[in-house]
1. Just a yes or no: is a residue in region 75-86 under 20 Å from CYS142 (Cα atoms) and either touching an Asp or Glu at 6+ places or on another chain (Cβ under 7 Å) or open to solvent by less than 50 Å² (accessible area, probe 1.4 Å) (or both)?
2. Please identify the pairs in which a residue from region 30-55 that is over 14 Å from TYR95 (Cβ atoms) has its Cβ atom under 9 Å from the Cβ atom of a residue that is surrounded by fewer than 11 Cβ atoms within 10 Å (Cβ to Cβ), counting only partners at least 6 apart or on another chain.
3. Which numbered condition in (1) within 15 Å of the chain's Cα centre (by Cα); (2) surrounded by fewer than 17 Cβ atoms within 10 Å (Cβ to Cβ) is the only one that GLY153 fails?
4. Could you check region 245-296 and list, in sequence order, the residues that are out of contact with any strand residue (DSSP E or B) (no Cβ under 7 Å at 6 or more places or on another chain) and among the small types (Gly, Ala, Ser)?
5. Looking at region 42-89 only, could you name the residues that are closer than 12 Å to GLY284 by Cα and polar (S, T, N, Q)?
6. Run THR222 past the list (1) at pLDDT below 95; (2) crowded, with 19+ Cβ neighbours inside 10 Å and report the number of the one that doesn't hold.
7. I need every pair where a residue in region 71-96 that is within 13 Å of HIS133 (Cα to Cα) has its Cβ under 6 Å from the Cβ of a residue that is of a type in the set (Phe, Trp, Tyr), sequence separation at least 6 or different chains.
Amino acid sequence: MAKSKKAKRQHGGWQDWIADRAIRSLIWIALQFPIRTRLKLVSWTVRRCISPLAGWHRRIYANLDYVWPDCPKDKRARIAEDVIDNVARAFIENYDIPEMMERSAKAFVSGPGLAAIEQAKADGRPVMFVMAHFGATECARCSLLARGFQIGGLVRPMSNPYFNKHYVQNMRDICEPVFEQGRKGTLGLIKHIKKGGMAVLLFDVYDSSAPVIDFLGKPAPTMTSAAEIALRTDALLVPVFGIRREGGYHFDTVVEEPIPNGEPIDMMREATRRLEARIDENPGQWMWIHRRWKPERQARRQRKRAAATMSP
């Protein structure tokens, strides 16, 4: 008799409750320390305790082996350490909003797209920022908030409902409006932008229903919604990156040149190309923890499509 597949764990049970309490405890303890000590403490905890349990280093190595099979082992190890360090810092700094806003207000903001978004703000023209899980993402948004750009966003709910509750509230505390992913949230976001608003979408996540765009030389289903919304609302589509400096505390915000209008998939190819250039410069600042490619799942979907095409 064939073995039955293991049933997926339902979220919202006692495991999620315990995980959320552990995360809340880590946040509370970390917030008792000065900011620089806090960042180092959480970085060490995540790199040495959480990552081994969650298998993050293994996942990073697998992704690196997939796209950069010739990457030397010592470089691969350095990238993994930098990735986990950046993830830990990005996580905990979001929970001290006054400090993050103060630091972000002092950040250096530059780039060929800065004049374009300043002009859009003056003209009341909407702007759709595209960002990635790279460097100091939320700090970069805060640096623009500090300069008078009111930037809303669409957040993807966390699978742990206990953690998701304070995660979403934290995003709202940083800047409204915040819309949760889904039909209602997307419509709310579009309505906000149509009124001349500004918003941000993170595009570097796997979406099985999205068209495939090569990312770091490998096919990756990539959402085109940011480009589609920009075209629908006559908004500028502007990539923004928060690049951490050495030491992980200070960062620079780079506003890149707006992506020209065209077919949504071509616009997102350009956004992907811009992200690839940043990763080439600072590979440890992109979140290699992501299951960005999922080659096995892509292969299964291709086989299913081929079988459906061949069937009478």
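1. Within region 75-86 (the criterion being under 20 Å from CYS142 (Cα atoms) and either touching an Asp or Glu at 6+ places or on another chain (Cβ under 7 Å) or open to solvent by less than 50 Å² (accessible area, probe 1.4 Å) (or both)), the answer is yes, since at least one residue qualifies.
2. ARG36/GLY247
3. Just one mismatch for GLY153, condition (2).
4. Hits for region 245-296 are GLY247, GLY248, GLY262, ALA277, GLY284.
5. ASN86
6. Answer for THR222: the failing condition is (1).
7. Going by the 6 Å Cβ cut-off, the qualifying pairs are VAL83/TRP288.
Results for (1) in a loop (DSSP other than H, G, I, E, B); (2) among the polar types (S, T, N, Q); (3) over 20 Å from TYR61 (Cα atoms); (4) open to solvent by less than 10 Å² (accessible area, probe 1.4 Å), shown as yes or no for each residue.
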{"site": "VAL238", "(1), (2), (3), (4)": "no, no, yes, yes"}
{"site": "ASP252", "(1), (2), (3), (4)": "no, no, yes, no"}
{"site": "PRO260", "(1), (2), (3), (4)": "yes, no, yes, no"}
{"site": "ASP266", "(1), (2), (3), (4)": "no, no, yes, no"}
{"site": "ILE279", "(1), (2), (3), (4)": "no, no, no, yes"}
{"site": "ARG292", "(1), (2), (3), (4)": "yes, no, no, yes"}
{"site": "ALA307", "(1), (2), (3), (4)": "no, no, yes, no"}
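The values are calculated or read from the model by the stated rules, or taken from the named source; none is laboratory data. Please read all numbers here as calculations on a predicted model, not as lab measurements. Don't worry about glycine lacking a Cβ; one is built from the backbone with ideal geometry, like all the others, and counts go over all protein chains shown. For accessibility, only protein heavy atoms count, side chains too; no ligands or nucleic acids. Shrake-Rupley method; radii C 1.70, N 1.55, O 1.52, S 1.80 Å.
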